[in-house]
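The values are calculated or read from the model by the stated rules, or taken from the named source; none is laboratory data. Nothing here was measured: the structure is a model prediction, and the numbers come from that model. Here Cβ is always computed from backbone atoms with ideal geometry, including for glycine, and neighbour counts include all displayed protein chains.
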Amino acid sequence: MKRFRMNSLLTRRPALFALILLVLALIINFILQPNLFAGDTLNSNMRVFLPIILLAAGQAVVILGGGIDISVGGIVSIVNTILAARVGLEGSTEAMWQYVGISLLVGALAGAINGFFVAYLRLQPIITTYATSFLYAGFALFILPNPGGGIPASIAELYRNTSPLGLPLAFFVIAIVLGLWWYIQSTRYGNYLFAVGGKAQAAYETAVPVTAVQFSTYVISGLMAAFSGIAITMLSGSGNADIGSAMTLNSITAVVIGGTALSGGVGGVAGPVMGAITLGLIQNIVSFAHIDTWWETLVKATIIVFALAMPGIINLFRRRE
Amino acid sequence: MKRFSISPPVAALLLAVILFVLSGLLPNGYGSDLDIARAQALNILRLAVFLGVIAAGQTLVIISGSEGIDLSSGSIVTLTAIATYVIVNGADERVLPALLVSLLIGAFIGFLNGAGITFLKISPFVMTLGMSGVVTGAIIIANHGNVSGKVAPIMTRLIARPLSPEFPIPNALIIWLVFGILMWLLLERTTFGKNLFAIGTNRVTAKLSGVNVTAMNLAAYSLAGALAGFGGFLVVGNTGVVMIQLGQPFLFPSIAAVAVGGTLLSGGKGSYWGTMAGAIVLTLITSLLTTMQMPDSVRRMVLGGTLLILISIYGRQRSLRQ
């Protein structure tokens, strides 16, 4: 009976499980790395995690709406190459902010292309965004064929070491993202989003503008991918057309660990944000546990599989009773 | 619905033929030399075999529905290729054991996928993605300190070489044809195939009509893993060397081949013939772009654009306003 309650709690509050995982990861990480909560370490961790957090937040919106976006890594790469190739190490601050604006437009446009094919032409999301991921990754490579370029050191410094009120910049960005999400959730659009993700046909029959909502989720995801690309460019300070390719799958994993169902309509953005932080912490734990380098990938992947399997295992025990 | 339509496998094959004929007009194409044209066509078909076999398992899990997909096939290919390479170590008599081990490794990983998906209710996308990470980890460990091994002469003879000087048909192509017939028999002439389409269309009605959905799901993923294992065995027979990134490049093309071949990604409808045609189209496009000496960036964009056009033609889902 007690287990049953816990399970129903997990179903009603999908982010709760993400929170448990996050706390667990924080404790283990803290044991291995006692200065985890010191200002410097906190900041250096959070600025590394931020790009994937932003990406996961955008991915979560698409997945909530019943889709998936495989092309986000490509968009990150485009933004990274635009900034690194156009602004340059010697570029001015004005040029940087100008191209940041252009990057956001490009991200929204790339998302709109995805949205057009998925929502208006009704193509299957996985294969469509897979196809556009080639378009975007190819375009990034076209802009910057070889790794290089860069952004002014002052801008990179701004991202790396700004800590208003003694807290990492990333905290404020996350607060803004979550604040926006909580506002969106309470609007009519938020209701539409859950309705479309839950059952598009039923939503359509109750006069929800399904196509427009689906389209908008891809634009949001594209925009968040652009923000993520800007963050990772400021973090690395240089350009590489391949920088986003590994990030797509991480963003999806973060969403799922965060309790947002891939089938759509269940979950939120807070869970995926915690999921993204947990993923980063797992990476930390694996590097600080002094595991043989050769074993790192296996250990990390196994931990992630267990994290993904945990709700299912709990459920399995419940049904046995 | 009485409008003119051709089936996706035929459309894909037709597209492949048209593209191939047009490619003769390229500056460095085969021009009017029929011998070279035939050799080129055979070579493209030979290369399509590997993608085609790896996409076979993908076809099965996609037909099984419920968002079925296998993202671990790429890493299974690499792992079994390494296993084959090490076990065979140049000796003909160890080829069959190596093939068996490859199939078993693949089936085991596939079974784990199926178990996670059926019993723990993890979505196939995430389960197989996580498994891919675990297998990649295993590959890194298996591969560390450089693997030593060698493919056997008989593998090269049977996979990479043509039948005989008089009949320059690649052996791999004959293997693929037999494989295709077996896949057709499996899907269209067995209870397994019938049940697979049944659970792909609607799991509830399938269950109510007496299909053991749990067993079917486990079997589909195990078989998909075993087929990816077979793919790994074939790939190493062709390349003769192993590397850590051997299988991954096949992963998404295998899904694309299934989609291009007209199999519904939502499950319940499709064929292996379609996947074969899809594998040929994708291999053709890739090799044409290579022949045209396009830079990598343009190649990727053209590939993405072509895929987008292909699925726009027949990958559309039912309209909301039925």
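Which ones in the stretch B:175-197 are exposed (fewer than 14 other Cβ atoms within 10 Å of the Cβ) and of a type in the set (A, V, I, L, M)? Listed by number, the residues that qualify are B:Leu177, B:Val178, B:Ile181, B:Leu182, B:Leu185.
Which of the residues that make up the stretch B:206-221 are more than 16 Å from B:Leu120 (Cβ to Cβ) and not hydrophobic (A, V, I, L, M, F, W, C)?
At the first step, the residues of the stretch B:206-221 found to be more than 16 Å from B:Leu120 (Cβ to Cβ) are B:206-212, B:215-216, B:219-220.
Passing the criteria: B:Lys207, B:Ser209, B:Gly210, B:Asn212.
Scanning the stretch A:269-309 for residues that are modelled with pLDDT under 85 and touching a Phe, Trp or Tyr at 6+ places or on another chain (Cβ under 7 Å) yields no hits at all. Within the stretch A:184-204, no residue that is touching a residue at least 60 places away in the same chain (Cβ under 8 Å) sits with its Cβ atom under 6 Å from a residue that is in a helix (DSSP H, G or I) and loosely packed, with under 13 Cβ neighbours inside 10 Å at 6+ positions apart or across chains.
Of the residues contained in the stretch B:210-219, none is found to be without any contact (Cβ under 8 Å) to a residue 24 or more places away in the chain, closer than 19 Å to B:Thr59 by Cβ and loosely packed, with under 14 Cβ neighbours inside 10 Å. Of all the criteria given as (1) surrounded by 18 or more Cβ atoms within 10 Å (Cβ to Cβ); (2) away from chain B (no Cβ under 14 Å); (3) of a type in the set (Asp, Glu), the one not satisfied by A:Glu94 is (1).
Within the bounds of the stretch B:304-320, is there any residue that is at pLDDT 85 or above and of a type in the set (Ser, Thr, Tyr)? Talk me through it step by step, then tell me what you get.
Step one: list which residues in the stretch B:304-320 are at pLDDT 85 or above, which gives B:304-305, B:308.
Okay, now just the ones that are also of a type in the set (Ser, Thr, Tyr), so none.
Among the residues of the stretch B:304-320, not one is at pLDDT 85 or above and of a type in the set (Ser, Thr, Tyr), which makes the answer no.
Taking the stretch B:243-300 as the range and being over 22 Å from B:Met183 (Cα atoms) and more than 14 Å from chain A (Cβ to nearest Cβ) as the test, the residues that pass are B:Met243, B:Leu246, B:Leu284, B:Ser287, B:Leu288, B:Thr290, B:Thr291, B:Met292, B:Gln293.
Of all residues in the stretch A:163-181 being exposed (fewer than 14 other Cβ atoms within 10 Å of the Cβ) and at pLDDT below 90, which is nearest to A:Ala85 (Cα to Cα)?
Going through the qualifying residues, I end up with A:Pro164.
In the stretch A:155-174, is there at least one residue being part of a helix (DSSP H, G or I) and more than 28 Å from A:Gly39 (Cβ to Cβ)? No: zero hits. B:Asn113 falls short of the stated requirement of being within 14 Å of chain A (Cβ to nearest Cβ), under 21 Å from A:Thr297 (Cα atoms), part of a loop (DSSP other than H, G, I, E, B) and not aliphatic (A, V, I, L, M). Of the helices (runs of 4 or more DSSP H) that lie entirely inside the stretch A:189-263, those containing 3 or more residues that are among the β-branched types (Val, Ile, Thr) span A:210-236, A:247-257. Total residues in the stretch B:298-312 satisfying the condition of being of a type in the set (D, E, K, R) and crowded, with 21+ Cβ neighbours inside 10 Å: the figure is 1. Hey, could you check the stretch A:110-151 for residues that are in a loop (DSSP other than H, G, I, E, B) and touching a residue at least 24 places away in the same chain (Cβ under 8 Å) and say which is farthest from the other protein chains (Cβ to nearest Cβ)? Among those that are in a loop (DSSP other than H, G, I, E, B) and touching a residue at least 24 places away in the same chain (Cβ under 8 Å), it is A:Ile151. So, A:Leu26, is that one assigned to a helix (DSSP H, G or I), surrounded by fewer than 24 Cβ atoms within 10 Å (Cβ to Cβ), in contact (Cβ under 8 Å) with a residue 24 or more places away in the chain and at negative phi or not? For A:Leu26, the condition - assigned to a helix (DSSP H, G or I), surrounded by fewer than 24 Cβ atoms within 10 Å (Cβ to Cβ), in contact (Cβ under 8 Å) with a residue 24 or more places away in the chain and at negative phi - is met.
Filtering the stretch A:284-302 to residues that are surrounded by fewer than 19 Cβ atoms within 10 Å (Cβ to Cβ) and either closer than 22 Å to B:Pro124 by Cα or facing chain B (nearest Cβ under 10 Å) (or both) leaves A:Asp292, A:Thr293, A:Trp294, A:Trp295, A:Glu296, A:Val299, A:Thr302. Exactly one residue out of A:Leu249, A:Leu279, A:Leu235, A:Leu316 is surrounded by fewer than 24 Cβ atoms within 10 Å (Cβ to Cβ), closer than 30 Å to B:His144 by Cα and either among the aliphatic types (A, V, I, L, M) or facing another protein chain (nearest Cβ under 9 Å) (or both), and it is A:Leu249. Only one of the numbered conditions (1) touching a helix residue (DSSP H, G or I) at 6+ places or on another chain (Cβ under 9 Å); (2) more than 30 Å from A:Pro209 (Cα to Cα); (3) at pLDDT 85 or above is violated by A:Asn146, and that is (1). Of the residues making up the stretch B:41-80, those that are in contact with a Phe, Trp or Tyr (Cβ under 7 Å, 6 or more places away or on another chain), part of a helix (DSSP H, G or I) and aliphatic (A, V, I, L, M) are B:Ala41, B:Val49, B:Leu51, B:Val53, B:Ile54, B:Ala56, B:Val61, B:Ile63, B:Val77. Sort out which residues of the stretch A:197-232 are within 11 Å of chain B (Cβ to nearest Cβ) and modelled with pLDDT of 90 or more, and write them in order of number. A:Gln214, the sole residue that qualifies.
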